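J.: First the structure, then my questions, so here it is.
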Amino acid sequence: MASYSLKINGKVKEVIADDDTPLLWVLRDELNLVGTKYGCGIGQCGACTVHVDGVALRSCSVTAFSLKDAEITTIEGLADEKLNPVQEAWKELDVPQCGYCQAGQIMTATSFLKQNPTPSKNDIRNAMHGNICRCASYNRIEKAVALAAKKMS
Ligand code: FES
Ligand code: FES
């Protein structure tokens, strides 16, 4: 076990965890940031997506220890009192069904739109492709990403 600090959602948090503990478990079990979900645990579903230095990353597939110097953002820290344009679009289009995958979807979409603020339909499909939704809300997700891009322009 090692004791170290992580910068999460703008705050420094002290954690005690094994060097090889994935970030996902530190977020959920140590810090009670349970908006980040466990889906597959092997980097295949996107449910655990967070931002590391602004870029979407699967928290099940990276150790927390390796991110000691990084800025980590989870769904809980994505916006302050006001929703960000992606969250607004999600709300407007009533995207979630069961909701389980949605934090990961929103984290991926937000990071993607930072890199590509004027995406085509295909760009959106490709960017969101790796985030699995068992409820198959894919059409609404794609529409919401397009709407968020419009809101941000
Ligand atoms: Fe991390 Fe599925 S839980 S990608
Ligand atoms: Fe249910 Fe995506 S909304 S898994």
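The values are calculated or read from the model by the stated rules, or taken from the named source; none is laboratory data. Just so it is clear, the structure is predicted and the values come from calculations on it, not from any experiment. All Cβ positions, glycine included, derive from the backbone under ideal geometry; neighbour counts span all protein chains shown. Each accessible area value is taken on the protein alone, full model and side chains, heavy atoms only, with ligands, DNA and RNA left out. Shrake-Rupley method; radii C 1.70, N 1.55, O 1.52, S 1.80 Å.
J.: Tell me which GluC sites (Glu not before Pro) from the stretch 48-94 have a DSSP coil assignment and no more than 11 other beta carbons within 10 Å of their own.
T.: On the way: sites: GLU71, GLU76, GLU81, GLU88, GLU92; in loops: GLU81.
Loop-located and lightly packed - GLU81.
J.: Shape call for the stretch 99-153 from the C-alpha gyration tensor, a ≥ b ≥ c root eigenvalues: rounded (a/c under 1.5), prolate (a/b greater than b/c) or oblate?
T.: Working: a/c = 1.77, a/b = 1.65, b/c = 1.07.
Since a/c reaches 1.5 and a/b is larger than b/c, the shape of the stretch 99-153 is classed as prolate.
J.: What lysines does LYS151 reach when the alpha-carbon gap must be under 24 Å and sequence neighbours fewer than 8 apart in one chain are set aside?
T.: Within the straight-line cut-off, LYS151 pairs with LYS82, LYS91, LYS114, LYS121, LYS143.
J.: How long is the stretch 1-151 along each principal axis, judged by its Cα atoms, biggest number first, in Å?
T.: Result for the stretch 1-151: principal-axis Cα extents of 45, 28, 23 Å.
J.: What is the angle, in °, between the Cα long axis of helix 138-152 and the longest principal axis of the Cα atoms in the chain? Nearest 10 is fine, range 0 to 90.
T.: Once rounded, one gets 90 degrees.
J.: Continuing with this model, one more query. When the label point is put 7 Å from the Cα of LEU83 along its Cα-to-beta-carbon vector, which residues of the stretch 111-144 have a backbone N closer than 16 Å?
T.: Within reach of a label on LEU83: 140-144.
J.: At GLU71 and THR118, where each label point lies 7 Å from the Cα along Cα→Cβ, what is the point-to-point distance in nanometres?
T.: Result: 2.6 nm between the two label points.
J.: Considering only protein heavy atoms and a 1.4 Å probe, what is the carbon-and-sulfur percentage of the accessible area of the chain?
T.: On the way: 4110 of 8200 Å².
Roughly 50 percent of what the probe reaches on the chain is carbon or sulfur.
J.: Still on this structure, I have one more. With the contact rule set at Cα under 8 Å and sequence spacing of 6 or more, what percent relative contact order holds for the chain?
T.: Answer for the chain is 24 percent.
J.: Take the alpha carbon atoms of the stretch 66-125, find their center, do the same for the stretch 7-22, and report the distance between the two centers in whole angstrom.
T.: 22
J.: For LEU93, which sequence-distant residues (separation of 5 or more, or a different chain) have an amide H within less than 5 Å of its own amide H, given hydrogens modelled in the peptide plane?
T.: Close amide H contacts, sequence-distant or interchain: none at all.
J.: Once the stretch 21-100 is represented by equal point scatterers at the alpha-carbon sites, with solvent omitted, what log10 I(q)/I(0) does the Debye formula produce at q = 0.10 Å⁻¹?
T.: -0.25
J.: Right, another one. Between the DSSP loop rule and a limit of at most 16 other Cβ atoms within 10 Å, which trypsin sites (Lys or Arg not before Pro) in the stretch 43-114 are left?
T.: Values: sites: ARG58, LYS68, LYS82, LYS91, LYS114; in loops: LYS68, LYS82.
Hits after loop and neighbour filter: LYS68, LYS82.
J.: Can you work out the FRET efficiency for the pair HIS129 and MET152, with r the C-beta to C-beta distance and R0 = 22 Å, to the nearest 0.05?
T.: 0.55
J.: Spelling out what I want: for every residue of the stretch 30-38, take phi, set θ = phi - 60°, compute 6.51 cos²θ - 1.76 cosθ + 1.60 (Karplus), and round to whole Hz; glycine and proline get x.
T.: Here the 3J(HN,Hα) series is 8, 10, 6, 8, 8, x, 7, 9, 8 Hz.
J.: 5 Å is the cut-off here: which amide hydrogens, built 1.01 Å from N in the peptide plane, fall below it relative to CYS45, excluding neighbours closer than 5 in sequence?
T.: CYS40
J.: Net charge near TYR138, counting Lys/Arg +1 and Asp/Glu -1 over other residues with Cβ under 14 Å of its Cβ? Please report the intermediate quantities before stating the final value.
T.: Working: positive: LYS121, ARG125, ARG134, ARG140, LYS143; negative: GLU142.
Once all neighbours under 14 Å are counted, the net charge is +4.
J.: Once you place label points 7 Å from the Cα toward the Cβ at LYS7 and ASP53, how far apart are they in nm?
T.: 1.1
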